[in-house]
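Novice: Take a look at the following structure, please.
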Amino acid sequence: MALQMVSAVSNSSLLQPGFSLLNFDGHVFLFGQKGWPKRSCPTGVFHLNVKQNELKMKPTTFSKDSCYLPPLRYPALCTLRGNEESDECQYIIHGGKTPNNDLSDKIYVMSLVSKTSKKTTFRCVEKDLGGEVPEARYGHTINVVQSRGKSTSVIFGGRSYTPLGQRTTEKWNSVVDCLPSVFLIDLELGCCTSYILPELQDGLAFHVSVARNDTIYILGGHSLQNNTRSPNLYRLKIDLPLGSPSVTCTVLPGGIPVSSAIVTQTGDTEFVLVGGYQSESQKRLVCNTIVLEDTKIEIAERESPDWTPDIKHCRIWFGCDMGKGSVLLGIPGANKQVISDANYFYILRCKGAEEDKEEELTAQVCSQTSTEDPGDSTPFEDSEEFCFSADANSFGADDTDTYNEDDEEDESETGYWITCSASCTIDINTWVPFYSTELNKPAMILCSNGAGHWVHAQCMDLSETMLLHLSEANIKYFCNEHVDLTKGLQTPKRAMVQLKKQPMKPLRKKTAMKFTPAKKSFLRRLFE
């Protein structure tokens, strides 16, 4: 076993406890960064490459038919293969924590569409689930088993938030162990079924699970209720006949009371157990070899690497399986580095140089590492390069697609992350998709007032139906701040008009009528 230190001088805050690594055809990709993705890499998935002891990162893209995939930390993931003849590798991702500390209950299938020296494209699909769907959780495991020519996914363990009915103000975000139920998930049909087994009495989180054919072995794990690490070794056997599936559990001797350990596969039937904790204040520096046969499991202690003094004396450590017998380990940099939340990183190679050239392995591994977050770390700034090195210009010829902010407009003024109004609440660091049409940028709509300006649809309290109607109809829209002004232009305001009073003409004085003597005589005779 060889331990190699990787340079991580700056920008290492992206890699924090809870990240995951995906291995596609020998290429390693980071998933589950700390914080929401920046426009530099809106997918939040990076290609990791080690060159001259420096860990370099390149952004990746998603295909147009992909769903939105948030950066999830502490999810359960495992590989999925279509059939023995196919070399296509996919990853199943379930649960995990979002940067807002919300828990996910969704399940995704991620596959590699294309990879060139300049661009890597993934496709991510969310699977619809029905039946007895597992609750949102983190720190659990998922495996795929094969039985009678069929396959199914198995979920076990983890932690979730206290149910809403049991929460108090003081312990609103407190977590509890999930019930020790075993879930079988048919990804093709989206059907979920849960099983309660008498052998599984306590909920476990941050345990290790390894699968071969129709059998899963569960090792270690921590129980919050008892504050113990399980010394038991559980064997789950799944039978998939034509009718209802059957799940049985057997408690075996020879378990290891460890939590947050990492498992990497070094052979067709051989695995190596690394790291973890044997108590709250004590790391487990011993390594073990796990050998899986068709009907039995053997666990033996093996020679450990020459741990550095920093690793021996640090309080916490974290990491993930890189695939093909390698593990990426991280320890806090404490006050030894300029950046307070910077970490030191090591690559532990559990196989020899000749063994690394073997073909890709077929058995599956799922392990969970746990170190509760010390707090929000500083996210990537758009102007920073994705290179864990003091020399950010050391990219090779195949790294020419590194983000350059000069290639884009300044979105702080003209893009999606503007302050669109006095009541604008959109923040690039905390934004999450609100409409189903959003992926990595907020939906915006043009206000037709004056020369026009863009506003966020969410800040305008627009429903998704109204937003779609406005985008399809050929009508003008006015934002909340200008809609009253527009109404005033369309319907003139009532104004008080001062009417001028015309002076009345003076009445003429009455004058007596004058009659001739003949008329007077005629009138006298008429009225007599």
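Novice: Which whole-number percent is the relative contact order of the range 2-353 (Cα, under 8 Å, 6+ apart)? Walk me through the intermediate numbers first.
Specialist: Working: 877 pairs, mean separation 46.1, N = 352.
Averaging sequence separation for qualifying contacts and normalising by length gives 13 percent for the range 2-353.
Novice: Follow-up question, since we're still on this one. Points 7 angstrom from Cα along the Cβ direction at S423 and T437: gap in nanometres?
Specialist: Computed distance between label sites S423 and T437 equals 2.1 nm.
Novice: Here's something else I'd like to know. If packing is taken as the average number of other Cβ atoms within 10 Å across a peptide's residues, how do 182-190, 416-424 rank, most packed first? Show your work: numbers first, answer last.
Specialist: Values: 182-190: 17.9, 416-424: 15.8.
Sorting 182-190, 416-424 by mean packing, highest first, produces 182-190, 416-424.
Novice: Answer rounded, prolate or oblate for the range 2-353, using the Cα gyration tensor with square roots of eigenvalues a ≥ b ≥ c: rounded when a/c is under 1.5, else prolate when a/b is larger than b/c, else oblate. Numbers along the way, then the final one.
Specialist: Details: a/c = 1.28, a/b = 1.17, b/c = 1.09.
Cα axes put the range 2-353 in the rounded bin.
Novice: Still on this structure, I have one more. For T248 and E280 in the same chain, what is the full-extension length gain: residue separation times 0.36 nm, less their Cα-Cα distance, in nm? Before the final figure, lay out each step's value.
Specialist: Values: separation 32, 0.36 × 32 = 11.52 nm, distance 3.17 nm.
Length gained between T248 and E280: 8.3 nm.
Novice: Here's a follow-up. Which whole-number percent is the relative contact order of the range 147-291 (Cα, under 8 Å, 6+ apart)? Display every interim value, and only then the final one.
Specialist: Details: 315 pairs, mean separation 24.0, N = 145.
Value for the range 147-291: 17 percent.
Novice: Okay, next question. Any of K106/K127; K119/K351; K34/K97; K34/K115; K97/K118; K34/K56 with alpha carbons more than 19 Å apart? Name them for me.
Specialist: Working: K106/K127 8 Å; K119/K351 30 Å; K34/K97 10 Å; K34/K115 25 Å; K97/K118 31 Å; K34/K56 17 Å.
Checking Cα-Cα distances, K119/K351; K34/K115; K97/K118 exceed 19 Å.
Novice: Could you give the length gained on full extension between N226 and T193, defined as 0.36 nm per residue of separation minus the Cα-Cα distance, in nm? The partial results should precede the final answer.
Specialist: Details: separation 33, 0.36 × 33 = 11.88 nm, distance 2.73 nm.
Length gained, N226 through T193: 9.1 nm.
Novice: Can I ask one more? How far, in nm, would the chain grow between Y68 and T269 when pulled straight, counting 0.36 nm per residue and subtracting the alpha carbon separation? If you can, show how the numbers build up before the last one.
Specialist: Numbers: separation 201, 0.36 × 201 = 72.36 nm, distance 3.58 nm.
Computed gain between Y68 and T269 is 68.8 nm.
Novice: For the residue pair K51 and D25, what label-to-label distance in nm results when each label sits 7 Å from Cα along the Cα-to-beta-carbon direction?
Specialist: 1.9 nm
Novice: Sorted by packing (mean other beta-carbon atoms within 10 Å per residue), highest first, where do 224-236, 312-324, 68-80 land?
Specialist: Working: 224-236: 17.0, 312-324: 18.9, 68-80: 22.9.
Most protected by this proxy first, the peptides run 68-80, 312-324, 224-236.
Novice: Given points 7 Å out from each Cα along the Cα-Cβ axis, report the T308 to N173 separation in nanometres with one decimal.
Specialist: Label-label distance for T308 and N173, simple model: 3.2 nm.
Bear in mind that the values in this text are calculations on the coordinates, not laboratory data. Keep in mind the model is a prediction, meaning the values are calculated, not measured. Cβ: placed from backbone, ideal geometry, glycine included. Neighbour counts: every protein chain shown.
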